Amino acid sequence: IQLVESGGGLAQAGGSLRLSCAASGRTFSRYSMGWFRQAPGKEREFVAAISWSGITTRYLDSVKGRFTISRDTAENTLYLQMSSLEPEDTAVYYCARGPFYSIATAISDFAYWGEGTQVTVSS
């Protein structure tokens, strides 16, 4: 499986960005997916996850109400819509494939990772 993120860049505080993650392979629809981020000098942290069906989602508390995770099974693509961006959101954002049929938030539950896309939010 291959995961390729795109959509990162520079945004002003209060602005928006939409990240995409293109997944290869025919089994995309059977796995939960997630977004993580890693800021300089910090540990990688969970941001959002979505179940295989798209019905169930989970979010980091600090992004609730600002970020929305979604998936397009027909296009094998995962999205992260980010609004009301804050300088604290600056990080490299990674998409990852989670468990078969069940949602997860722990890094150890995600077996496949993309290379990441940089998001920089200026104040």
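The values are calculated or read from the model by the stated rules, or taken from the named source; none is laboratory data. What you see is a predicted model; the values in this text were computed from it and never measured. Every residue, glycine among them, receives a Cβ derived from its backbone with ideal geometry; neighbour counts consider all protein chains shown. The accessibility values were calculated without ligands, DNA or RNA, using every heavy atom of the protein model including side chains. Shrake-Rupley method; radii C 1.70, N 1.55, O 1.52, S 1.80 Å.
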* Structure fact -> Sorting Y59, Y31, W113 by the position of each Cα along the dipole of the chain (Lys, Arg +1; Asp, Glu -1; all at Cβ), the one nearest the positive end of that ordering is Y31
* Beyond 26 Å, what share of the Cα-Cα pairs of the chain remains, rounded to the nearest whole percent? -> 13
* Asked: Quick one: putting +1 on the C-beta of Lys and Arg, -1 on the C-beta of Asp and Glu, what dipole do you get for the chain around its Cα centre, in Debye to the nearest 20?
  -> 280
* To do: Determine the relative contact order of the chain: mean sequence separation of Cα pairs under 8 Å and six or more apart, normalised by residue count, in whole percent.
  => 37
* **Where the Cα pairs of the stretch 41-110 fall when distances are cut into 5 Å bins, in %** => 3, 14, 27, 27, 17, 8, 2, 0
* Per residue, how much accessible area does the chain show when a 1.4 Å probe rolls over the protein heavy atoms, in square angstrom? -> 51
